[in-house]
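Remarks on the structure that follows.
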Amino acid sequence: MLGRKDPRPAGPAATNGHTNGTPITLLTVVGERARMEGKFDIADSIQIECEVGGELKVGGKLVIGEKGVVNANVETVDAIILGHYDGNMTATGNVEIAATGRVSGNIKTDSLVISKGGLFSGNVAKITDEPAAAGAPRPVYLVDEQRAGQGVAG
């Protein structure tokens, strides 16, 4: 089932991360046994609650719900992973792997948060790496579960 959620949801998760409070339009793909394969170019944000494979270009936020399984190469602004993701991802904004999230692959982003219980197997690279800093070790921070969950709308 494809549908558009009300573009005026309440709360801090309702904005697209911009301080101007502009509401996002969230395209939702739901289907317990649905499977889609191909190249997808989505201008807005999308929430996936089914199985998707191929390539995804998302102009806003990608939310892989708890029932979502994505096996694709992804280009997005922000990503919240509550389900399963396998592939290579480039996110110009933030990537959050929630406690229920399972990720296998490579992520290129400037901000990665893995909540307690979340699983990540792969490599991460910073988009704005300077060649001189590429070999320097990067600090890893554990964010407590309560604070990390604030940006995830259920």
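The values are calculated or read from the model by the stated rules, or taken from the named source; none is laboratory data. None of these values were measured; they are calculated from a predicted model. Please note: Cβ atoms are built from the backbone with ideal geometry, for glycine as well, and neighbour counts cover all protein chains shown.
Here are the numbers:
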{"quantity": "Checklist (1) exposed (fewer than 14 other Cβ atoms within 10 Å of the Cβ); (2) of a type in the set (Phe, Trp, Tyr); (3) at pLDDT 95 or above applied to Phe120, failing item", "calculated": "(1)"}
{"quantity": "Count of residues meeting criterion [crowded, with 23+ Cβ neighbours inside 10 Å and hydroxyl-bearing (Ser, Thr, Tyr)] in the stretch 77-103", "calculated": "1"}
{"quantity": "Considering residues of the stretch 48-61 that are touching a residue at least 24 places away in the same chain (Cβ under 8 Å) and of a type outside the set (D, E, K, R) only, the residue farthest from Val103 (Cα to Cα)", "calculated": "Gly60"}
{"quantity": "Positions within the stretch 29-72 being among the polar types (S, T, N, Q) and either surrounded by fewer than 17 Cβ atoms within 10 Å (Cβ to Cβ) or in contact with a Lys or Arg (Cβ under 6 Å, 6 or more places away or on another chain) (or both), in sequence order", "calculated": "Ser45, Asn71"}
